[in-house]
Amino acid sequence: KAGVTQTPRYLIKTRGQQVTLSCSPISGHRSVSWYQQTPGQGLQFLFEYFSETQRNKGNFPGRFSGRQFSNSRSEMNVSTLELGDSALYLCASSLMTSGRFGEQYFGPGTRLTVT
Amino acid sequence: AQTVTQSQPEMSVQEAETVTLSCTYDTSESDYYLFWYKQPPSRQMILVIRQEAYKQQNATENRFSVNFQKAAKSFSLKISDSQLGDAAMYFCAYRSSNTGNQFYFGTGTSLTVIP
């Protein structure tokens, strides 16, 4: 079974631009979570989607948004990029079985650099 | 909100020796899951081991085992017979059973294995 895939793997943007990152979960996984990873802050939770609905949201400004499609693929959008948005963005998917979620499986991440 | 604390930013171990990584967490819930994830340099994050809070028996996966102390809210990871491939950043994570699939991660411990 294919793992979690994220595109693009690397991205360089200019301050003020916007960016869209994509995540394809493992087949059958309907929960997709997004994290921002920086050396100083560690992994910070952005949001989680399940069956096209955002169920949890972290403490990030409204410039960060996401969505999930009917095939469980998810996108994350950051508008008006700031230098501090430079980070590794990780996506993770989970399988729900008998009403309980299993562990999260992570993608390789998208390395975003804002200049 | 739940918090996860890893008090050791860096650890080192001699090859073939044993090392223990510490993790504490804060929660008022009784039903939850705990995880250890490993992130090798420039590589994908992978699950090392998981523990369900309702299970008294400590989880074990080959050379990896945990010491789960529910009352003390402590969840340490023991790596036996350390190998060079164990060198990585290790993250402790918490997930409630009641609030969907939101994970809370510690700030990580960087493990160096000395040949």
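The values are calculated or read from the model by the stated rules, or taken from the named source; none is laboratory data. Because the structure is a prediction, the values reported are computed rather than measured. We place every Cβ from the backbone using ideal geometry, glycine too, and count neighbours over all the protein chains shown.
Computed values, structure above
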{"item": "Elements of type strands (runs of 3 or more DSSP E) contained in region A:36-115, each with 1 or more residues being of a type in the set (D, E, K, R), surrounded by fewer than 21 Cβ atoms within 10 Å (Cβ to Cβ) and facing chain B (nearest Cβ under 10 Å)", "result": "A:53-57, A:110-114"}
{"item": "Any hit, region B:38-55, residues being out of contact with any strand residue (DSSP E or B) (no Cβ under 7 Å at 6 or more places or on another chain), surrounded by fewer than 20 Cβ atoms within 10 Å (Cβ to Cβ), without any contact (Cβ under 8 Å) to a residue 40 or more places away in the chain and over 29 Å from A:Q6 (Cβ atoms)", "result": "yes"}
{"item": "Flag for B:S28 being away from chain A (no Cβ under 11 Å) and within 25 Å of A:Q54 (Cα to Cα)", "result": "yes"}
{"item": "In region A:25-76, the residues that are farther than 22 Å from B:Q6 by Cβ, touching a Gly at 6+ places or on another chain (Cβ under 7 Å) and modelled with pLDDT of 95 or more", "result": "A:I26, A:S74, A:E75, A:M76"}
